Structures are given as structure tokens and as C-alpha cells.
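One structure is given below, encoded as C-alpha cells.
FYI, it's all coordinate maths here, none of it is from the lab. In this text, all values refer to a predicted model and were calculated from it rather than measured experimentally. Here Cβ is always computed from backbone atoms with ideal geometry, including for glycine, and neighbour counts include all displayed protein chains.
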Amino acid sequence: METDVVVVGGGPVGLMLAAELRAGGARTLVLERLAEPAGHDRAGALHIRTLEMLDIRGLLERFLDGTQLAKGLPFAGMFDRGLDFALLDTRHPYSALVPQSRTEALLAEHAQELGAEIRRCHEVVGLHQDEDGVQVTVSSPAGTYRVRARYAVGCDGGRSTVRRLAGIGFPGTEATLSAVIGYVTTPERDVPRRWERTANGILVLAFPPEGGMGRVVAIEYGRTPPPGNPPVELDELRAAAERVRGEPLTLTEPVQWLSRFGDASRQAERYRSGRILLAGDAAHVHFPIGGQGLNTGLQDAVNLGWKLAARIGGWGSEELLDTYHAERHPVGQRVLLNTRAQLALMRPDEQHTTPLRTLMTELLSFDDVNSFFAGMISGVSVRCPGLPTGPADLQHPQAGAFAGQLTITGSAGPGVPMASFLHGARLLALVRTERADLVRAAAPWAGRIDTVTGRALGEPAADALVVRPDGYIAWAAMPETTPDEMHAALARWFGPPNLP
């Protein structure tokens, strides 16, 4: 049995990657060990850059249908002065409060529409790569079998089997706190809906006014998770909530789900080892604050999908595929950094931490400071420089920026969102109408690049923008740019001309 890519893990990241691979023409098999989706809503927000990426695939309306939007979010639980998304340069200045279970269901639907095969109750137990591909050993209800693929990608979580079998290191820090979470029932009425920093930790309560099913999160600093990650019992959640709250909270059956987590922060030493790659929690784990884990993983998938499909399709180079690690590893580092910083600012320490929180709240009142943190948490500040095409001082300032939020005026009409040209996950060349010479320079890549004449509104002048399938600008032309220079840049990024 052969395929192009085996994606190990059928959660949101694996499903997003499978869809991106299929959009690029790669045969894709998803192997998931669970019989059914977990149904745990560990994450509940899709941030701006993720929404922009859903927009460039024509998926945004599916996710926004009936969805509550948030125009900002707190930083380190500082609700007095939250992050303001209106300060950011985007067509979507909000987060969408989509439960993770719904995100997973919508992405599974999308991946299957594009032809990805998803097998549940199929667990990867062996992995071996050679010069030509990867052999994956799978345990299934029908027995053990092997799949031969050109590449394998681990999207199988923080305890990734793929990462372990590939021998990729996962350095970082151990947990220094304990957190338990549950969707449980209370008979109490008017339980305050709050995020509260107490003398003993952090408590999150979200129950309806009349009582019933709701959410409890109890975070205790200085108490580490028990060895072996045993299942959480209702009594444990009840006791933790009482310790943090300082008074009892009545919790009863029925219980929807219970879980635990800590603040271990780890990142894979490399996101690629030959024909094996990692994405999502398999590549980076951290304390789940601000919903950044899911969003970072989905963005990993969109960055990797087109590059891996290009490599399989014969026009993507090894160097291009290597830019996946080069571009996404620093993003993961920044996420680990800011989640650690937020945890430090949340610590229940009146003498030292509370004054820092007070000063930080004041700093967030300055638009420049607020937009810096908002851009970092939402992913808007991410740039993808990819393959340099000349000296840095000669690069157009738009190279590496995200173009999915731009509006185009030109042959397609006035005020057309650039996102609408990227639904097919193809390359796009936007060339000023008067630069017919650059239109001709792009023509030999017509099998891979869609060319539109016009210009992007409100951006530094560029005679041409070449936009990657993930929405980032691969290359931009200055007024003095020659057709030969564009030809060389396209060849460096997208392989020889006149290929399919």
C-alpha cells in the first residue's frame, strides 16, 4: 500500500494539514488512534491569523456561522486593560469563539471533501525512513499492517509517537504547577462567572445562573501534576477548586469530561528529520493560555502543506521544504516565551507580582504596546521570509508579510479581497497593469501561478507581488525590477518553468 503522505493524528492540526496537502495534489492518509473525536473543548478561540487563513481557503463563513466574536482578549488575565484587535491591520479584527470539537468536525468535513482518507482506530506503532520514503507500521482492529509513504507528519500531540520514533529531541522545562479542568454540574445558583486570581492560584468558573452544566478550572502554583498523568476524579476537581477559591463549591454528576494539565514548556529540536516532519503539539507544548496552541498548530499546517505538496509534485525544492522549520520554529519559541511570561504575571504574589501587573496594565493603555502584544498573541505579527532572492538591503519591505488581508483593485474589479484569489491554494502574481513585461515573465509558470493585474490598496508601492498559497508574500518587485530578476526569483521559489 502506498500514498504520498501519512498524517499521524486526526485532530484539528492533522485534518488541516490533510486538507492542505490534498489541495496541493498530494495523496494523503490520516491515521488516528481514537475511535471517535475526543469531544474535549480544550481550546475555544480561533485568532486573527487563523481566521485569515480560513478566509483564503473560502472556509471562514462555515466557522463564523452562529459564532460569537470577541474584539480582544486579556493578557495574563488582566481584564482591566485587554488586548485590542482593532489596533491591528486586518480585515478580521476579532477572535471567533469556536469550540475545538466544532473546529475538528468542520476540518474533517473539509479534508474529506478534498479527498483525504481518514482511518480511526488505527494507531502508529512503528516508523522507519530511508532515502526514498517512510514505512509506517499500523495497529488496527483488523490487525497490524504497513503503509509506504513518501513522507510522514506527526500531528499526534505532546506525547507524539512519531517524534519519539524519529528520535527528535524535545527539550524544555518540567511542570511547576498543577491545573485541573472539568465540564461538570453544580446545583448552586448564581455561581459568579469569573476569572479570579486568588491567594492560592487561579480559578475560572463559568456556569449558567440557574446552575447545571458548566466549566471549572483550578490552577495551583507550586503543586505539580501527579506522576503518570492519572485520570482526574470529580473529588480531585472539587478539592482543587475549594483550595483555590477558599470556600467549597458543590460539584456533582453528570460529568461531561475531566482533565489535567501543567505548564511544561517544550519544543522539538527540529521540525523536520529527513522525510519525517512535526506540526502542532507534537512540535511544541506550553501552558494553554490565550488559545495559542491550537492556532499555532493550524498555522503550522498551512505553512507546511503547500511546501510538502510542492515537493511531492516535483517543483518544490529541498531548500523550500526546509523553510518550514526555519519559519515556524521561531514562532513556536515566541509562543513558549509569552506563555511563560503570562504565567509569571499571573502568579499569586501580592508583594512582587501584583505591582508588575499594575504597571503592565498601564503599559497596555498605550496603543503601540497594546498592538505589539495583540499582534503576537493573534499571530498577526508573524512574517515568513522564506528563501532570500538577493541581498537583504535590496529586498522589498513587503517580502515575508501576510497578504491575505489586502484588497486589490484592477482587472478583477475595485476593492476585491486578495483572499478570494487564494481559495484554490495556488500561487498568485499580482502585477501592476502597466508592467506587462512582468506579466510575460510569470507566464512560463502558468501551471502553478495565477496572474492578476492590478495593485494592492494601502500598501507600499510594489510593481508585483508574488503570494504563496499560505497567503505570505514570497517576493515583491520594485519599480526598477527587470523581467530577468522576476524570472530568477520565481525559479528560486517555485522551481523550473513550464512544469505542471
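Give me 384, 121 sorted ascending by neighbouring Cβ count inside 10 Å, so fewest comes first.
Least crowded to most crowded, the residues run 121, 384.
Using 7 Å Cα-to-Cβ label points, what is the residue 446/residue 27 separation (nm, one decimal)?
The two pseudo-label positions are separated by 3.0 nm.
Can you compute the label reach from residue 252? Point 7 Å from Cα along the Cβ direction, backbone N cut-off under 13 Å, restricted to the stretch 172-192.
What the label zone holds, given the 13 Å backbone N cut-off, is 185-189.
Report the far tail of the P(r) of the chain, meaning the percent of Cα-Cα pairs longer than 37 Å.
31 percent
Please report, for the Cα atoms of the stretch 392-494, the Rg to one decimal and the Dmax as a whole number; what are they, in angstrom?
Every Cα atom of the stretch 392-494 included, Rg and Dmax give 12.1, 34 Å.
Most exposed first by the Cβ proxy, i.e. fewest other Cβ within 10 Å, how do 95, 259, 178 rank?
Values: 95 27, 259 16, 178 21.
Arranged by neighbour count, lowest to highest, 95, 259, 178 become 259, 178, 95.
Once you place label points 7 Å from the Cα toward the Cβ at residue 239 and residue 145, how far apart are they in nm?
Inter-label distance under the simple model: 4.7 nm.
For residue 2 and residue 337 in the same chain, what is the full-extension length gain: residue separation times 0.36 nm, less their Cα-Cα distance, in nm?
Details: separation 335, 0.36 × 335 = 120.60 nm, distance 4.02 nm.
Taking 0.36 nm per residue and subtracting the Cα distance, the gain is 116.6 nm.
Using a Förster radius of 51 Å, what is the FRET efficiency between residue 437 and residue 352 based on their Cβ-Cβ separation? Nearest 0.05, please.
The value I calculate is 0.20.
Given points 7 Å out from each Cα along the Cα-Cβ axis, report the residue 62 to residue 478 separation in nanometres with one decimal.
In this crude label model, residue 62 to residue 478 measures out at 4.3 nm.
Could you work out the helix-only [θ] at 222 nm for the chain, with each DSSP H run of four or more residues adding -39,500 (n - 2.57) and the total divided by the number of residues, to the nearest 500 deg cm²/dmol?
The helix contribution divided over the chain gives -9500 deg cm²/dmol.
Within 10 Å of each residue's Cβ, count the other Cβ atoms and sort 205, 422, 457 from fewest upward.
So the ranking, lowest neighbour count to highest, is 457, 205, 422.
Take every Cα-Cα distance within the stretch 5-142, group them into 5 Å bins from 0 onward, and report for each bin the whole-number percent of pairs it holds.
Per 5 Å bin, starting at zero, the Cα-Cα P(r) for the stretch 5-142 comes out as 2, 9, 16, 17, 17, 13, 10, 8, 5, 3, 1, 0 percent.
In angstroms, what radius of gyration and Dmax does the stretch 308-360 have, counting Cα atoms only?
Answer for the stretch 308-360, Rg first and Dmax second: 20.0, 61 Å.
How far is helix 12-23 tilted, in degrees, relative to the longest principal axis of the Cα atoms in the chain, given as a value from 0 to 90 rounded to the nearest 10?
For helix 12-23, the angle is close to 10 degrees.
All other residues with a Cβ under 14 Å from the Cβ of residue 482 taken together, and with Lys, Arg as +1 and Asp, Glu as -1, what is their net charge? Intermediate results must be reported in sequence, preceding the final value.
Values: positive: 435, 440; negative: 437, 463, 480, 484, 485.
Once all neighbours under 14 Å are counted, the net charge is -3.
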